[in-house]
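Working notes for the structure below.
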2 protein chains.
Amino acid sequence: MKVYIIGIGLIGGSMARDIKFLYPDSEISGIDVDTDHLREAEALGLIDKQGAMDELKEADLVIVSTPVDALLEILPNVLDAIGEKTLVIDAGSTKDLVCQIAEGHPNRRNFMACHPIAGTEFSGPSAALRGLFEQKTNIICEVEKTAFKLQEIGLEIFRKMGMRIRYMNPVAHDKHIAYVSHLSHISSFMLGKTVIEKEKNERDIFDMAGSGFESTVRLAKSSPAMWTPIFKQNKNNVMEVLEAYIENLQAFRSKLKEDDYEGIYSEMDNTNKIKKILKGIPLNKSQTE
Amino acid sequence: MKVYIIGIGLIGGSMARDIKFLYPDSEISGIDVDTDHLREAEALGLIDKQGAMDELKEADLVIVSTPVDALLEILPNVLDAIGEKTLVIDAGSTKDLVCQIAEGHPNRRNFMACHPIAGTEFSGPSAALRGLFEQKTNIICEVEKTAFKLQEIGLEIFRKMGMRIRYMNPVAHDKHIAYVSHLSHISSFMLGKTVIEKEKNERDIFDMAGSGFESTVRLAKSSPAMWTPIFKQNKNNVMEVLEAYIENLQAFRSKLKEDDYEGIYSEMDNTNKIKKILKGIPLNKSQTE
């Protein structure tokens, strides 16, 4: 299998590791505007060689795993360049615009719009992990627009990587993912910001930070180059969820101001049911600390 | 060593496990208003027997590890009941009020005001863990008000448990802990609430939740009975940090509304330095997922 990975960072690199493991005979080429990343990916053995766009005609699989702004620019060029039997997948955290961009392209049927919900707060080829996608959810949008034979090939790869598949329309995807992913990132970034601002004057504050702070602020380590275009492309949904979040925080603050401790108790008590809900999420690591 | 633990939940139970391990000859008695917890603690071997307040005269060590509202009520009674050589420690997440309560008590010198910054989102005796306090920070307030000999005994126990000690005045403690602990809990609870509210209408939303959501919402599993009195006792500081947090979220939302993506990028980029700061926090588990 000839594989081309465009954007060889955390996600592309992790896909490379899995493919190399699952298909030892595959040949993986990397394409990236960041030449340091390319060299690093080669040195780490994520890719066998550097590739070029004019080779895509020969590809069996092209994975576009760039930030979502670059994805919109690159995808039409990729679809122009591929062969008849090439499967193209993406890994973008927004799905509406990329589906719009692909719509009507003569090779639309070669494209499968994917969002493997997996990642860490780290980025670049050195962050790539074998098995990253195991038990993770992969959301596929507009699957009916992908050629049946290519669907089969893609699903087989995802199955071997251990992913659960969910089908969803791109508009619903972007709306829901704003709640369960994009909002978490903003809440974490702003928490980090709030505490860092305070810390300017209070040098010892982080000495007091325990694992609770650490887990809520973990996503604030994420890459701004990846997340800025996500927020841009999903602006309307993100604005809506952020508004709902701010309103809930303000209501909590009002209850505190008015000494409504019964209200505060029941807010938290009602939210405790997140325990049960989270148990339903696959791949929860045990959280004993 | 005769030890009495009043409030035998996550923290008291974990202290019991460590003490039993470090001092095999110690005899641990439990006192708790929740008789189910007491029986559970006995069944789990956390305590050797159930104790009573009128036995405290014989105690070498009394640990008051109840929610902080109960702590304020119980502490004076404990100080009334103990013997001359008894060391009393607490484990409350707020320190100003408890120090005020102890102030002027004839046995003030038997009390050491402590906040071991450790815990999980779980509660009750079954959540108790051996080694919970290893490499954690224990903040001791007004140490100079504790009898020197009893300080030594307390510090030796904490040292054996593996804790780092920091000394702080109770007002500064409560101000700083509002940033690095209390705010994290509110941000997490309100994140959980926001997403649960949405989920009422959108049943499949949690199917999309990945580990990012899980880590930001982890603290929303915490006990309302523990956290309501913490927010009450630290109301002014919590109001202040919550206000700062809401302002940062609103500023982020304004930038998004005005399509100021450079601004959004640099917000996140500046906050990325949390990576370096967190590396300085002891006991970070490796976060590779």
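State whether the stretch A:172-279 is rounded, prolate or oblate according to the following rule on the C-alpha gyration tensor (a ≥ b ≥ c being the square roots of its eigenvalues): a/c under 1.5 gives rounded; otherwise a/b larger than b/c gives prolate, and the remaining case gives oblate. Don't skip to the answer; put the middle values down first.
Values: a/c = 1.66, a/b = 1.08, b/c = 1.53.
Verdict is oblate for the stretch A:172-279.
Taking θ as phi - 60°, what are the ³J(HN,Hα) couplings along the stretch A:106-111 by the Karplus curve (6.51, -1.76, 1.60), each to the nearest whole Hz, with x for Gly and Pro?
x, 9, 3, 5, 8, 9
Using the count of nearby Cβ atoms within 10 Å as a rough guide to exposure, how do A:V143, B:V62 rank from fewest to most?
Numbers: A:V143 16, B:V62 28.
By the 10 Å Cβ count, ascending, the order reads A:V143, B:V62.
Note down the nm distance, to one decimal, between modelled labels 7 Å out along Cα→Cβ at A:E58 and at B:K275.
Spacing of the two 7 Å Cα→Cβ label points: 3.6 nm.
From the alpha carbon gyration tensor of the protein assembly as shown, can you work out the equivalent ellipsoid semi-axes (sqrt of 5 times each eigenvalue) and give them in Å, largest to smallest?
Values: eigenvalues 525, 111, 83 Å².
In descending order the semi-axes read 51, 24, 20 Å.
From the phi of every residue in the stretch B:41-49, what ³J(HN,Hα) in whole Hz does the Karplus formula 6.51 cos²θ - 1.76 cosθ + 1.60 yield, where θ is phi - 60° and glycine or proline is x?
4, 5, 4, 7, x, 6, 10, 7, 7
Greater than 27 Å separation of Cα atoms is the criterion. Which listed pairs, A:K2/A:K145; A:K275/B:K136; B:K2/B:K136; A:K232/B:K232; A:K257/B:K276; B:K57/B:K95, meet it? Intermediate results must be reported in sequence, preceding the final value.
On the way: A:K2/A:K145 23 Å; A:K275/B:K136 25 Å; B:K2/B:K136 25 Å; A:K232/B:K232 39 Å; A:K257/B:K276 35 Å; B:K57/B:K95 25 Å.
Too far apart for the 27 Å limit: A:K232/B:K232; A:K257/B:K276.
Got a sec? How would B:I6, A:I8 order by Cβ neighbour count within 10 Å, fewest to most?
Working: B:I6 26, A:I8 31.
By the 10 Å Cβ count, ascending, the order reads B:I6, A:I8.
How big is the equivalent ellipsoid of the stretch B:2-168 along its three axes, where each semi-axis is √(5λ) from the Cα gyration tensor, reported in whole Å from largest to smallest?
Numbers: eigenvalues 91, 64, 46 Å².
Over the Cα atoms of the stretch B:2-168, the semi-axes work out to 21, 18, 15 Å.
Residue by residue through the stretch A:175-187, which ³J(HN,Hα) values in whole Hz follow from phi under the Karplus form 6.51 cos²θ - 1.76 cosθ + 1.60 (θ = phi - 60°), with glycine and proline marked x?
Along the stretch A:175-187, the couplings run 5, 6, 5, 4, 6, 8, 9, 5, 4, 4, 5, 5, 4 Hz.
Using 0.36 nm per residue, how much length does the chain from B:S26 to B:E197 gain when fully extended, once their Cα-Cα distance is taken away? Can you show the working numbers first?
Values: separation 171, 0.36 × 171 = 61.56 nm, distance 4.92 nm.
Using 0.36 nm per residue and subtracting the Cα-Cα distance, I get 56.6 nm.
Give the average, rounded to an integer, of partner chain Cβ atoms located within 10 angstrom of each Cβ in A:220-232. Don't skip to the end; give the middle numbers.
Working: counts 8, 9, 5, 3, 9, 3, 1, 3, 9, 3, 0, 7, 5.
Partner-chain Cβ atoms within 10 Å, mean over residues of A:220-232: 5.
Taking a ≥ b ≥ c as the square roots of the Cα gyration tensor eigenvalues, with a/c under 1.5 meaning rounded and otherwise prolate when a/b beats b/c, else oblate, which class fits the stretch B:39-89? Before the final figure, lay out each step's value.
Numbers: a/c = 2.19, a/b = 1.29, b/c = 1.69.
It comes out oblate by the Cα gyration axes.
Mind checking A:260-273 for the average number of partner chain beta-carbons within 10 Å of each residue's beta-carbon? Walk me through the intermediate numbers first.
Working: counts 0, 6, 1, 1, 8, 7, 2, 7, 16, 4, 6, 15, 8, 4.
That average works out to 6.
For A:Q135, which sequence-distant residues (separation of 5 or more, or a different chain) have an amide H within less than 5 Å of its own amide H, given hydrogens modelled in the peptide plane?
A:M163, A:R164
Skipping prolines and chain starts, which residues have an amide H placed within reach, meaning under 5 Å, of the one on B:V88, given they are 5 or more residues away or on another chain?
B:V62, B:F111, B:M112
Copy-to-copy spacing for A:N270, label 7 Å out on the Cα-to-C-beta vector, in nm, shortest first?
Once sorted, the set of distances for A:N270 reads 3.5 nm.
Cα-Cα pairs above 21 Å in the stretch B:100-235: how many percent? Please list the in-between numbers first.
Details: 5153 of 9180 pairs.
For the stretch B:100-235, the share of Cα pairs beyond 21 Å comes to 56 percent.
Roughly how big is the stretch B:58-115's charge dipole about its Cα centre, with Cβ charges of +1 (Lys, Arg) and -1 (Asp, Glu), in debye to the nearest 20? All intermediate terms of the calculation are to be shown ahead of the outcome.
Numbers: 4 positive and 9 negative charges, 37 e Å.
Its charge dipole is roughly 180 debye.
Which residue, chosen from A:A244, B:S14, A:A102, occupies the Cα position most advanced towards the positive end of the dipole of the protein assembly as shown, where the dipole is computed from +1 (Lys, Arg) and -1 (Asp, Glu) charges on Cβ about the Cα centre?
B:S14
Just how large is the dipole of chain A about the Cα centre, in debye to the nearest 20, putting +1 at every Lys and Arg Cβ and -1 at every Asp and Glu Cβ? Provide the component values of the computation, followed by the final result.
On the way: 35 positive and 43 negative charges, 147 e Å.
Dipole about the Cα centre, nearest 20: 700 debye.
Ranking A:M268, B:M226, B:M1 by Cβ neighbours within 10 Å, fewest first, what do you get? Each step should come with its number before you reach the end.
Values: A:M268 26, B:M226 21, B:M1 14.
Fewest-to-most Cβ neighbours within 10 Å comes out as B:M1, B:M226, A:M268.
Find the Rg to Rh ratio for the stretch B:14-75, where Rh is the Kirkwood radius over alpha-carbon pairs and Rg uses the same atoms. Mind dumping the intermediate values first?
Numbers: Rg = 11.7 Å, Rh = 12.4 Å.
Here Rg/Rh amounts to 0.94.
Quick check: the distance between the Cα centres of the stretch A:15-68 and the stretch B:1-55, to the nearest angstrom?
58 Å
Amide H of A:K2: which non-local residues (sequence gap of 5 or more, or other chain) have their own amide H closer than 5 Å, using H built in the peptide plane?
A:E27, A:D60, A:L61
In whole angstrom, how long is each semi-axis of the equivalent ellipsoid of chain B, when you take the square root of 5 times every eigenvalue of its Cα gyration tensor and sort them from largest down? Could the numbers behind the result be given before it?
Numbers: eigenvalues 287, 91, 63 Å².
After scaling each eigenvalue by five and taking roots: 38, 21, 18 Å.
Note down the magnitude of the dipole of the stretch B:9-116 about its Cα centre, charges +1 on Lys and Arg C-beta and -1 on Asp and Glu C-beta and zero elsewhere, to the nearest 20 debye.
On the way: 9 positive and 20 negative charges, 68 e Å.
Value, rounded to 20: 320 debye.
Laboratory data are not the source of any read-out in this text; all were calculated from the coordinates shown. Keep in mind the model is a prediction, meaning the values are calculated, not measured. Virtual Cβ from ideal backbone geometry, glycine too; neighbours counted across all protein chains shown.
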